[in-house]
Ligand code: GDP
C-alpha cells in the first residue's frame with residue numbers, strides 16, 4: 001500500500017468520543033518503549049506523526065490518524081507501566097478495554113513486543129485476553145535489527161510455543177524494524193487485505 005496522506009484526527013480518552021466509525025480501523029498497542037511510535041512513523045513515513053519519546057507512558061490517550069482518507073490508524077496507550085499508581089493503571093486499562101471491546105469498526109489489533117525479550121507474562125496475558133474476547137490480533141516483533149536471524153527465529157518460536165499452549169490457531173506474526181523499515185510492506189499489505197476482504 002502506498003501512503004499518500006496521513007493526518008492526525010484527534011486524541012481522546014473515551015471510545016464514545018472517537019471519530020464516527022465509518023472507516024475500517026487498525027489499532028497498535030504494546031508496552032511503553034516497545035517502539036510503537038517509531039513503527040507508526042515508519043509505516044506512514046511521517047516523522048513525528050506519533051511522537052517518539054524516551055518517557056514511558058507519554059501516549060496516554062487514544063490517538064486517531066486518517067490514512068489515505070480511507071482508514072484509521074489508532075495509536076493506543078501502552079499498557080503495564082510500572083511507575084504509575086494502581087488507580088491510574090486501572091483507569092488506562094478501562095479506557096483501553098472499553099475501546100477494544102466496543103469500537104465497532106475496529107478490524108484488527110497489532111500487538112507489539114520487543115523481539116529481544118522473552119515472552120513477558122503481561123504481553124502473553126494480554127494476548128490471551130484478546131483471544132478470549134475474540135478480538136482479531138497480530139503479533140508484531142519490534143527492533144529486529146538488534147538480533148541475528150537465528151536469534152529472531154528463536155524468539156518467534158518461543159512465542160509460538162507459549163501461545164500454542166493455549167491456542168490451537170496462532171496469530172500471524174510480523175518481524176519488524178522501524179530503523180530499517182523492515183516488515184513495513186507486510187503490515188501495510190495485511191491492512192490492505194483486511195480492508196478488501
Ligand atoms: P514507544 O514508547 O513504544 O512509542 O517507543 P518509541 O518508538 O519511542 O521507541 C523507544 C526506543 O526504542 C527509542 O529509543 C527508539 O529509538 C528505540 N527504537 C524504536 N524502534 C526501533 C527499531 O526498530 N530499532 C532500534 N534499534 N531501536 C528502536
Original post:
Given the convex hull over the Cα atoms of segment 121-165, what projected area results after averaging over all orientations, in nm²?
Top reply: 3.5 nm²
Subject >> Full-stretch length increase - residue 116, residue 128 - with 0.36 nm per residue and alpha-carbon distance subtracted >> reply: 2.2 nm
Subject >> Projected label distance in nm at residue 101 and residue 157, using a 7 Å step from Cα toward the beta-carbon >> reply: 3.8 nm
**OP:** Round to a whole angstrom and tell me the spacing of the C-alpha centers of segment 155-197 and segment 81-140.
**Re:** 15 Å
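Peptides 145-152, 63-70: what's the order by average Cβ count within 10 Å, highest mean first?
Highest-to-lowest ranking by the protection proxy: 63-70, 145-152.
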Original post:
Extension gain residue 149-residue 189, at 0.36 nm per residue separation less the Cα-Cα distance, in nm?
Top reply: 12.1 nm
**OP:** Calculate, in nm to one decimal, what residue 166 and residue 180 gain on full extension: separation in residues at 0.36 nm each, minus their alpha carbon distance.
**Re:** 1.7 nm
Subject >> Antiparallel bridges, percent of DSSP beta bridges restricted to the chain (to nearest 5) >> reply: 40 percent
**OP:** Determine the relative contact order of segment 136-197: mean sequence separation of Cα pairs under 8 Å and six or more apart, normalised by residue count, in whole percent.
**Re:** 42 percent
Original post:
At a Förster radius of 30 Å, what calculated FRET efficiency corresponds to the Cβ-Cβ distance of residue 10 and residue 91, to the nearest 0.05?
Top reply: 0.95
Original post:
Can you give the direction-averaged projected area of the convex hull of the alpha-carbon atoms in the chain, in nm²?
Top reply: 10.6 nm²
**OP:** Take the chain, connect every pair of alpha-carbon atoms lying under 10 Å apart with a spring to form a Gaussian network, then pick out the residue of 183, 164, 131 with the largest mean-square fluctuation.
**Re:** 164
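Laboratory data are not the source of any read-out in this text; all were calculated from the coordinates shown. Quick caveat, the model's predicted, so the values are computed rather than measured. Using ideal geometry, Cβ is built from the backbone for each residue, glycine included, and neighbour counts are taken over all protein chains shown.
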